[in-house]
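> Dropping the structure in here first, questions after.
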Amino acid sequence: YQAKRDRTGVEVYESKRDSNTPDRLGLLGDLRRALDAHEVQLHYQPKVRFDGHVAGLEALVRWVHPERGRVPPDEFIAIAESSGLMPHLTEYVLETALGQVAKWRSEGLFVPVAVNVSPRDVHTPGFAGSVAARLARHGVPAGALQLEITEHVLLEDPQRAADTLAGLTAHGVKMSLDDFGTGYSSLVHLRRLPVSELKIDRSFVARLAVDAEDGEIVRCTVDLAHSLGLLVVAEGVEDDETWERLRDLGCDAVQGWLVAAAMPPEETTAWLRARGSRGWQRPRAALPAAA
Ligand code: C2E
Ligand code: MG
Ligand code: MG
Ligand code: MG
């Protein structure tokens, strides 16, 4: 690896990004095999509202390589995208997530699940129809599935992307716009994409409590989203102060380590059951003393 720092001082690993190094090809072959062998897992991270209600879960893919150990999703997703393996990975993720949703429903846990899809998927012919068929096969209503997309879907063929997303929406699948505020964010995209939820990128949320500018960006994003009738979720909420700021700014729901990290399926089941109908409550010690 060659570690570089970007403008914000965050380390960025770049060596495998754009070349077909043997290492990268090796990893691609291993990923293909891992999918066939069902060695790739999904973990689930809750999205909770400020009243504690669990609004849904986000499925996040996890791969533990037999020799290299945990490979970060950002890294192998980039490989899958540039190699043509992405549709296969997405099918795998959708199949696994819907199987889990069906299982939870049969156990009385009616929680919607969000699946991340890449721009590649949205441009795959027949994608909307295949999602609909998969829902039907699992006996899961479309409203129990959400797809998280990014603005990158509009870069290649905006019209086709818009058609696919319209097809999915017509079927009842909800769309969420992930990582909002990074890269290509524009108001035109917001108008063009049939999304019902907007997720504020972690980079703005992380320093919300200490950086006034980030606070203003979040405030404007929340107001903009609400004026367009969208729900706003903040990602990467790690502490109480940030939670309180987001609540005061009118954000609808949060996701982050303060609430829970992504958990394996069994742990997620236990987490959901332990909260029951009360939802998630902040630990007592963290609550401000009653006046
Ligand atoms: P994302 O969809 O924006 O997911 C949020 C990422 O933030 C996840 O990283 C999650 O584990 C992490 N996170 C959540 N809460 C916190 C927090 O409080 N603090 C910090 N520092 N991080 C937090 P992860 O799981 O490594 O996934 C990275 C990205 O990989 C995702 O970003 C998504 O773009 C992509 N990804 C993950 N699973 C899938 C998948 O099944 N399909 C596709 N196409 N992409 C996926
Ligand atoms: Mg996401
Ligand atoms: Mg995100
Ligand atoms: Mg992200």
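The values are calculated or read from the model by the stated rules, or taken from the named source; none is laboratory data. Because the structure is a prediction, the values reported are computed rather than measured. Ideal geometry is used to build each Cβ from the backbone, glycine not excepted, and the neighbour counts take in all protein chains shown. Note: accessible area is taken over every heavy atom of the protein model, side chains too, but ligands, DNA and RNA are not part of it. Shrake-Rupley method; radii C 1.70, N 1.55, O 1.52, S 1.80 Å.
> Taking the Cα centre of the chain as the origin, how large is its charge dipole in debye, to the nearest 20, when only Lys and Arg (+1) and Asp and Glu (-1) carry charge on their Cβ atoms? Show your work: numbers first, answer last.
Values: 33 positive and 42 negative charges, 150 e Å.
With Lys and Arg at +1 and Asp and Glu at -1, about 720 debye.
> How would you classify region 192-291 from its alpha-carbon gyration tensor, with a ≥ b ≥ c the square roots of the eigenvalues: rounded for a/c under 1.5, else prolate if a/b is greater than b/c, otherwise oblate?
oblate
> What is the distance, in nm, between label points placed 7 Å from the Cα along the Cα-to-Cβ direction at K103 and at R70?
Modelled inter-label distance: 2.1 nm.
> Right, another one. Once you compute Rg and the Kirkwood Rh from C-alpha atoms, what is the Rg to Rh ratio for region 76-200?
On the Cα set of region 76-200, Rg over Rh gives 0.96.
> In what order, largest first, do E107, E266 sit by accessible area if the probe radius is 1.4 Å?
Descending order: E266, E107.
> Follow-up question, since we're still on this one. Taking only protein heavy atoms and a 1.4 Å probe, what accessible area per residue, in Å², does the chain have with all protein chains in place?
The answer is 51 Å² per residue.
> Let me ask another. At a 1.4 Å probe radius, carbon and sulfur cover how many percent of the accessible area of the chain?
Details: 7620 of 14700 Å².
About 52 percent, which is the carbon plus sulfur part of the accessible surface.
> Would you mind calculating the gained length between T21 and L228 on full extension (0.36 nm times residue separation, minus the Cα-Cα distance), in nm to one decimal?
70.0 nm
> So who's got an amide H within less than 5 Å of the one on L231, skipping anything under 5 residues away but keeping other chains? H placed 1.01 Å off N, in plane.
E197, L198
> Any chance you could look up the accessible area of C251 with a 1.4 Å probe, heavy atoms only, rounded to 10 Å²?
Approximately 10 Å² for this residue.
> So, one more: To the nearest 500 deg cm²/dmol, what mean residue ellipticity at 222 nm is calculated for the chain from DSSP H runs of n ≥ 4 alone, each contributing -39,500 (n - 2.57), summed and divided by the residues?
So the calculated ellipticity at 222 nm is -13000 deg cm²/dmol.
> How many lysine pairs are close in the chain, with Cα atoms under 22 Å apart and the two 8 or more places apart or on different chains?
Total qualifying Lys-Lys pairs in the chain comes to 6.
> What are the ³J(HN,Hα) values, in whole Hz, obtained from phi via the Karplus relation 6.51 cos²θ - 1.76 cosθ + 1.60 with θ = phi - 60°, for each residue of region 75-91 in sequence order, with x given for Gly and Pro?
6, 7, 5, 4, 5, 4, 5, 7, 10, x, 7, 3, x, 5, 4, 5, 4
> Take the alpha-carbon centre of region 107-164, take the same for region 215-266, and report the distance between them in whole Å.
23
> Enumerate the amide H contacts of A55 below 5 Å, restricted to partners 5 or more residues apart or on another chain; note that Pro and chain-start residues carry no placed amide H.
HN-HN under 5 Å from A55: K47, V48, R49.
> Quick check on the chain: take the gyration tensor over C-alpha atoms, sort the square-rooted eigenvalues as a ≥ b ≥ c, and tell me if it's rounded (a/c under 1.5), prolate or oblate.
The shape class here is rounded.
> Normalise the Cα radius of gyration of region 129-267 by 2.2 N^0.38 Å (N = residues in it) and let me know the number. Working shown, then result.
Details: Rg = 16.1 Å, N = 139, 2.2 N^0.38 = 14.3 Å.
Rounded to two decimals, the normalised Rg is 1.12.
> Let me ask something additional. Each residue of region 225-231 in order: what ³J(HN,Hα) in whole Hz does its phi give by Karplus 6.51 cos²θ - 1.76 cosθ + 1.60, θ = phi - 60°, with x for Gly and Pro?
So the J values, rounded to whole Hz, are 4, 5, 5, 9, x, 9, 7.
> Over region 33-79, what per residue volume does the convex hull of the Cα atoms give, in whole Å³?
Normalising the Cα hull of region 33-79 by residue number yields 94 Å³.
> Give a residue-ordered list of calculated ³J(HN,Hα) values for region 163-179 (Karplus: 6.51 cos²θ - 1.76 cosθ + 1.60, θ = phi - 60°; whole Hz; x for Gly, Pro).
Each residue's phi maps through the Karplus curve to give 4, 4, 5, 5, x, 5, 5, 4, 6, x, 7, 8, 10, 10, 9, 7, 6 Hz.
> Looking at the chain, identify the longest residue range that excludes and avoids all chymotrypsin sites (Phe, Trp or Tyr not before Pro) in DSSP loops having at most 14 other Cβ atoms within 10 Å.
The segment 2-109 is the longest one with no such site.
> Looking only at the chain, where both bridge partners belong to it, what percent of the DSSP beta bridges are antiparallel (to the nearest 5)?
Around 45 percent antiparallel, to the nearest 5.
> Keeping all protein chains in position, work out how much accessible area M86 exposes to a 1.4 Å probe, and write it in Å² to the nearest 10.
M86 exposes around 10 Å² with every protein chain in place.
> What's log10 of I(q)/I(0) for region 41-147 at q = 0.11, 0.12 Å⁻¹, Debye sum over Cα points only, no solvent?
Treating every Cα as an identical point scatterer, log10 I(q)/I(0) equals -0.38, -0.45.
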